[in-house]
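So the structure is just underneath, and the comments pick up after that.
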């Protein structure tokens, strides 16, 4: 009888999701001290907008001190709007009169690879994809629900031209008796995801939905008009030859290759201002260092200070020491050493950053597994030419 109830509830949710064309809802996601509030608009098959309200992430300050990230921080995203039209993503930061167009789907999440914002597509095949356990009836905010536990039958599966990853260990659903959609989802993401969420292994991430409006959205909701925004940057992906011709700053890839560093990715991503000659980029390199230990480089450079580059500049100026680099004004900071007492032994590593400004151009070179001397030498060989 219980097995039949599990199947009955799952089939109801699957049927309602199949019938769903679009929805609007208020979503709150919490984990440890992290809290994100968004209004979600979703239209099949992939269109999504997020309008951010409150956004707090206590781990973010530590991440900024350690590596300078993330690209956009909680303060940037409060009041921001993200529009994914199924192909590309607009990020509108009205407080900065700034809009960014990113290729593909770009959603910055404090929970790493676990997609939690407006993501209900897992409902399409609950019976096929998950082991199910009915946990009885209940209510969420006064609304009657069926409670259903689920665990992925496999961690990943191969689909045509892609591989799908089930990026949580198990979850508990509170499915509305009225419309079959989740009013509450409790994810248990496993050790890595729990750490990203700010909690110990076994910690949960809770997503709650309220104020569902079903099947009322038009496609124009997912269009964005940048004409009324003062600063508009669009992502352009270039091969190294195009990069050398179009980007205003010089980077000697051959010099880095000779030191064993290889680019992560075939093409280079550059953000270009659509009505001027301003641009900036972020490029990652990796190599296998001594004893097989990995080393990595992250270069951010441009003749415009992005939001992230601005934070790097502030931290280097406030906490770094002066670094003489030919005629450039520069700073150097041992990020790893400054946070050593706050990291467990197994996570301690050399993380050094060198930043400088020259003739209106900005450079930030972050090296992991490297010391100050090695990083300075790489900068001189690959960037001062």
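Readers should treat all values here as calculations from the given coordinates under stated rules, not as data from a laboratory. Worth saying up front: this structure is predicted, and the values here are computed from it rather than measured. Cβ atoms come from the backbone with ideal geometry, glycine included; neighbour counts cover every protein chain shown.
For this structure, a couple of remarks:
- Unmet requirement for residue 252, which otherwise passes all of (1) surrounded by fewer than 16 Cβ atoms within 10 Å (Cβ to Cβ); (2) in contact (Cβ under 8 Å) with a residue 40 or more places away in the chain; (3) touching a strand residue (DSSP E or B) at 6+ places or on another chain (Cβ under 9 Å): (3)
- Of the criteria (1) in contact (Cβ under 8 Å) with a residue 60 or more places away in the chain; (2) surrounded by 15 or more Cβ atoms within 10 Å (Cβ to Cβ), which one residue 33 fails: (2)
- In the set (1) at positive phi; (2) touching a strand residue (DSSP E or B) at 6+ places or on another chain (Cβ under 8 Å), the condition left unmet by residue 85 is number (1).
- Here residue 208 meets each of (1) in contact (Cβ under 8 Å) with a residue 12 or more places away in the chain; (2) farther than 30 Å from residue 141 by Cβ; (3) surrounded by 14 or more Cβ atoms within 10 Å (Cβ to Cβ) with one exception, condition (2).
- Annotation: of all residues in the range 103-151 being part of a helix (DSSP H, G or I) and touching a strand residue (DSSP E or B) at 6+ places or on another chain (Cβ under 7 Å), the one that is surrounded by the most Cβ atoms within 10 Å (Cβ to Cβ) is 126.
- Residue 287 vs. criteria surrounded by fewer than 20 Cβ atoms within 10 Å (Cβ to Cβ) and either within 22 Å of residue 70 (Cβ to Cβ) or within 19 Å of the chain's Cα centre (by Cα) (or both): no
- The residue that is farthest from the chain's Cα centre (by Cα), counting only those in the range 29-57 that are farther than 22 Å from residue 94 by Cα and in a strand (DSSP E or B), is 43.
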